1. Among the residues of region 100-136, count how many are in a loop (DSSP other than H, G, I, E, B), under 20 Å from the mean Cα position of the chain (by Cα) and at pLDDT 95 or above.
2. Tell me, please, whether a residue that is within 30 Å of GLU14 (Cβ to Cβ), without any contact (Cβ under 8 Å) to a residue 40 or more places away in the chain and of a type in the set (Asp, Glu) can be found in region 119-135.
3. Within region 56-66, can one find any residue that is surrounded by 11 or more Cβ atoms within 10 Å (Cβ to Cβ), farther than 24 Å from GLU19 by Cβ and under 20 Å from the mean Cα position of the chain (by Cα)?
4. Within region 62-99, which residues are of a type in the set (A, V, I, L, M, F, W, C), part of a helix (DSSP H, G or I) and touching a residue at least 24 places away in the same chain (Cβ under 8 Å)?
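The values are calculated or read from the model by the stated rules, or taken from the named source; none is laboratory data. Predicted model only: the values in this text are computed from it and were never measured. Ideal geometry is used to build each Cβ from the backbone, glycine not excepted, and the neighbour counts take in all protein chains shown.
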Amino acid sequence: METAQDKDSSCYEELLSIEDIGPAVASDLIGFFSEEHNRKELDRLLKEIRVAPYVEMKIAHNPLKGKTVVFTGSLEKMTRAEAKAKAEYWGAKVSGSVSKKTDYVVAGADAGSKLKKANELEVKVLSEDEWLELIA
C-alpha cells in the first residue's frame, strides 16, 4: 500500500513537481503531515480562518510574468517582503543574486555589490519609483 512517506508515492512526486520544492522540503512536508498532532492543530486552525481558493490572474499586459527580479539596497516605500510578494503576485521569480538570467534589479538606497554586478552584466536596473510604476 502506498503511503505519503514513501518516496515512490504520488504525494512525494506531486510535491517535487512544484517549483522550488526539492527532495528535502518534500520529505519535511510529508514528515510534518504524517504526525497526527500536526494534522489536528491544522484542523483546529482551519476552523478559525477561511482559505480562499487560488484564482489565476488574467492580465492582458504583464511585464513581469516569467521574469527574474532581484532587490538590493534599502527600499523606502515598502518592505523587502512586500516587494517580493508583489513581484511573485505578478508572476516574477525573485532571486537573491544577480546573474545574466536576471531581468530586473530594483535598487534602493545604499545598494552595493548586487547593483555593481547588474551594471557589469548590463541588467536593467530600476529605482524603487520605477519599480512601483511597473507594478502599478
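1. Total satisfying the criteria: 2.
2. Of all residues in region 119-135, those within 30 Å of GLU14 (Cβ to Cβ) come to none.
So far as region 119-135 goes, no, none of its residues is within 30 Å of GLU14 (Cβ to Cβ), without any contact (Cβ under 8 Å) to a residue 40 or more places away in the chain and of a type in the set (Asp, Glu).
3. No; the residues of region 56-66 include none that is surrounded by 11 or more Cβ atoms within 10 Å (Cβ to Cβ), farther than 24 Å from GLU19 by Cβ and under 20 Å from the mean Cα position of the chain (by Cα).
4. Initial filter on region 62-99 (of a type in the set (A, V, I, L, M, F, W, C)): 64, 69-71, 75, 78, 81, 83, 85, 87, 90, 92, 94, 98.
Remaining after also requiring part of a helix (DSSP H, G or I): 81, 83, 85, 87.
Passing the criteria: ALA83, ALA87.
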